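The values are calculated or read from the model by the stated rules, or taken from the named source; none is laboratory data. Since we're looking at a predicted model, the values are computed, not measured. So basically every Cβ, Gly included, is an ideal-geometry build from the backbone, and we count neighbours across all protein chains shown. Just so you know, the surface numbers come from the protein's heavy atoms only, side chains and all, with ligands and any DNA or RNA stripped out. Shrake-Rupley method; radii C 1.70, N 1.55, O 1.52, S 1.80 Å.
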Amino acid sequence: MAGRIPQSFIDELIARADIVELIGSRVPLKKAGHEYKACCPFHDEKTPSFCVSPNKQFYHCFGCGAHGTALGFLMEYDRLSFPEAVEELASRLGLVVPHESSRAEGPSDGVPTGGEAERTRALYGLLTRTADYFHDNLARSERARAYAMQRGLTAPIMERFAIGYAADSWNDVLRRFGGDESAQRDLAAAGLIIERDAGASREAGASREAGAAREAGTTLSSGASGSADGTATRYYDRFRDRLMFPIRDTRGRVIAFGGRVLGQGEPKYLNSPETALFHKGQELYGLYESRLARQALKRLLVVEGYMDVVRLHQHGLTYAVATLGTATTADHVRRAFRLVSELVFAFDGDRAGRAAAWRALQAVLPEARAGREIRFLFLPDGEDPDSLVGREGGERFGARVAAAMPLSEYFVAHLAEETDIRHADGKARFISLARPLLERVAPGVYRELLVERIAAALTLPLERLQPWLAGEQEPSFETPAARARSPAPRGSPQGSPRGSAQRASGPAGRAGGRRGRPVAGRGGLVTQAITALLHFPAAATAVDEQQRARLAHVQLPGVTVLAELLEQLAVQPDTTLAQTLERWRQRHEYRRLCELAAATTLVSDATAAGRELSEAVRRLLQREHARRLELLIEKARLEDLDDAEKLELQALTLDQGAGSGGPHSISAPRKLG
């Protein structure tokens, strides 16, 4: 795993970035005074309320409240994680993202530095050139084009997915890109060529390959067994006579390939192996293209094949993606839910399809929770998404997706098929099967609703079912009269065995109510001071070192944040608002700071901001001075002060006479609310 990205690099990234250019490449901006405006890309509106400030390197929508820096925009608009947004912005600026290593890590512990980083860039470049070569091959191969057209693919969709063709040769890619030993190592590292079995003799290996070639109807070229053209004999091409589907990461870089055989050969689909760039349990084919569609991405439809994805996109279902020759994994699900709140799995309606669907359900259970929808679509027997969407069109297929079965219904239906819930034995078996599955679901609203659905399916009272599913009791279907005659368990109260647990599990903190959003406005002295600092960081120089040291002792909400900002900006007064916010991104105060950064300020320049900041700090110190003085005087009335307190009281009294605030010892202040 890569180490932490240094804060200094993030500062440099924000300093070099032009937020107007970045957002303008995705949203049409119009100049409006010192700022730029547009209709907000994050909500529907007719009158522009989305503003981008080149001076602050910050955007804000007055309609929906969206706001942030260049990195924040990439995260929201392109739906990237923070590290991915850093990589994307760095790539635009031609920078390489560094990573810090902990002491426990060696230089090769997953952190691409020096030669490693150079090798990674070389592999990306090689895969991109190979994808271009395959794409050009498709244009040159009449047979491959005819096959693609016979499968219903149009020229625009093949261009969008960069579909290509691997020639019917054992060494086409090897001869094209493997000119020397170093290049051949790169091809092997990228998964494009295969090394012959080192344990077999040259003759035995050649014999096996020749046999395979005869079986496939091809001729083994010298690149696999000889060196007539100087090409190494250790390797041969992985992909031969296949329609090629480049697999791209979230930034659009080619990381691997999938190949579909032309005709009836086996295996039908062949994928790149696991490499330094490609981990099939994490990637979803078509995800990059889905995000490029620029339609509101609210759901993802997970299918099984590359052709399924391409054909669905061709018919307007641009939210289709596919797993890469593997069952759905937890990483797939987490990646999907970072982008959307609805996930639909499509499977064939036959026995194999339903078995795959049940495995997918078990994989997604830990990610099921309130606010997320997980559904299952079962296609008619003998159909796959490719054939069905071609036969009935995108609109009807989309209606099938919209009507897909919710996870809770499929959960109950599948277990009901495994048991006979008309009888007590079947219900007990149902509960025993459901119990370990429910343990995978995180506690919360969704789990409670799923239990309620099970209770309804089994026609059992919820209060009886809950202890059985929790494993606190074994299922019992005695009649009420028989239960009344049974003695209560020793040490437990009569009546409901879960009464106290049910009372304890009720909503907590109800009397306190919900926390509301911070109210906009000028606010108190601390809010005024922080707002002035955010909008005009150079104003920090108006507060001297002694004042900053004394401010750290003030016991008021938010003063610790103000003091920390002052310390940061006094050292680097040329820091921009965007850089300041990025330094606080991982802190819980970040959201509130963004709100203050988005607020309109009446201060016009750094000089005026400095005066306002200085006055706010002076008044805060005066308040603390008065509070501490009052506290010591009151304590002196009730008991004797120690020597340190007497000296402090004397100093505070003298300071009061001089009209200034003095130093005093204070407990740790509270943080910004």
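Values for this structure:
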| read-out | value |
| --- | --- |
| Cβ pairs under 6 Å, 6+ apart, first in segment 44-59 and within 27 Å of Arg16 (Cβ to Cβ), second assigned to a loop (DSSP other than H, G, I, E, B) and open to solvent by less than 60 Å² (accessible area, probe 1.4 Å) | Phe50/Cys40; Gln57/Thr576 |
| Meets criteria (at pLDDT 80 or above and surrounded by fewer than 15 Cβ atoms within 10 Å (Cβ to Cβ)) for Asp643 | no |
| Sole residue being over 30 Å from Ile19 (Cβ atoms) and at pLDDT below 80, chosen from Ser141, Ser108 | Ser108 |
| Qualifying residue in segment 221-229 (condition: modelled with pLDDT of 90 or more and either touching a strand residue (DSSP E or B) at 6+ places or on another chain (Cβ under 6 Å) or over 23 Å from Val310 (Cα atoms) (or both)) | no |
| Any pair with Cβ under 7 angstrom, 6 or more apart, that starts in segment 563-588 at a residue that is without any contact (Cβ under 8 Å) to a residue 12 or more places away in the chain and over 16 Å from Phe9 (Cβ atoms) and ends at one that is assigned to a helix (DSSP H, G or I) and open to solvent by less than 70 Å² (accessible area, probe 1.4 Å) | Trp584/Tyr590; Trp584/Leu593 |
| Residue identified as at pLDDT 90 or above and surrounded by 16 or more Cβ atoms within 10 Å (Cβ to Cβ) among Phe58, Phe82 | Phe58 |
| Pairs with Cβ under 7 Å, 6+ apart, first in segment 267-281 and more than 13 Å from Ile255 (Cβ to Cβ) and part of a strand (DSSP E or B), second open to solvent by 20 Å² or more (accessible area, probe 1.4 Å) and not acidic (Asp, Glu) | Tyr269/Arg260; Tyr269/Gly325 |
| Enumeration of residues in segment 238-258 that are small (Gly, Ala, Ser) and within 20 Å of Asp172 (Cα to Cα) | Ala256, Gly258 |
| From Val559, Val571, residue being of a type outside the set (Ser, Thr, Tyr) and surrounded by fewer than 16 Cβ atoms within 10 Å (Cβ to Cβ) | Val571 |
| Verdict on Arg260 being in contact with a Lys or Arg (Cβ under 7 Å, 6 or more places away or on another chain), within 17 Å of Val344 (Cα to Cα) and crowded, with 19+ Cβ neighbours inside 10 Å | no |
| Residues of segment 573-599 that turn out to be touching a helix residue (DSSP H, G or I) at 6+ places or on another chain (Cβ under 8 Å) and in a loop (DSSP other than H, G, I, E, B), as a count | 8 |
| Gly305 being touching a residue at least 24 places away in the same chain (Cβ under 8 Å) and at positive phi | no |
| Sole residue being part of a helix (DSSP H, G or I) and farther than 25 Å from His313 by Cβ, chosen from Ile421, Ile431 | Ile431 |
| Residues within segment 342-384 that are farther than 17 Å from Leu312 by Cα, among the acidic types (Asp, Glu) and not in a helix (DSSP H, G or I), tallied | 4 |
| Residues within segment 164-196 that are closer than 17 Å to Arg260 by Cβ, buried (at least 23 other Cβ atoms within 10 Å of the Cβ) and under 32 Å from the mean Cα position of the chain (by Cα), tallied | 2 |
| Subset of segment 591-606 that is open to solvent by 40 Å² or more (accessible area, probe 1.4 Å) and at pLDDT 85 or above - its residue that is nearest to Leu551 (Cα to Cα) | Arg592 |
| Residues located in segment 542-558, provided they are over 18 Å from Ala608 (Cα atoms), in contact with a helix residue (DSSP H, G or I) (Cβ under 8 Å, 6 or more places away or on another chain) and either modelled with pLDDT of 85 or more or of a type outside the set (Val, Ile, Thr) (or both) | Glu545, Gln547, Arg548, Arg550, Leu551, Ala552, His553, Gln555, Leu556, Pro557, Gly558 |
| Failed item in (1) of a type in the set (A, V, I, L, M, F, W, C); (2) more than 30 Å from Glu452 (Cβ to Cβ); (3) not in a helix (DSSP H, G or I), with Leu312 passing the rest | (3) |
| Single match in Val412, Val389 (criterion: open to solvent by less than 30 Å² (accessible area, probe 1.4 Å), touching a residue at least 60 places away in the same chain (Cβ under 8 Å) and under 34 Å from the mean Cα position of the chain (by Cα)) | Val389 |
| Residue list for segment 152-162, restricted to those being of a type in the set (D, E, K, R) and surrounded by 16 or more Cβ atoms within 10 Å (Cβ to Cβ) | Arg160 |
| Residue ID - farthest from Ala162 (Cα to Cα), chosen from residues in segment 301-319 that are in contact with a Ser or Thr (Cβ under 7 Å, 6 or more places away or on another chain) and open to solvent by less than 30 Å² (accessible area, probe 1.4 Å) | Val302 |
| Residue match in segment 10-20 (condition: among the acidic types (Asp, Glu), open to solvent by 20 Å² or more (accessible area, probe 1.4 Å) and assigned to a helix (DSSP H, G or I)) | yes |
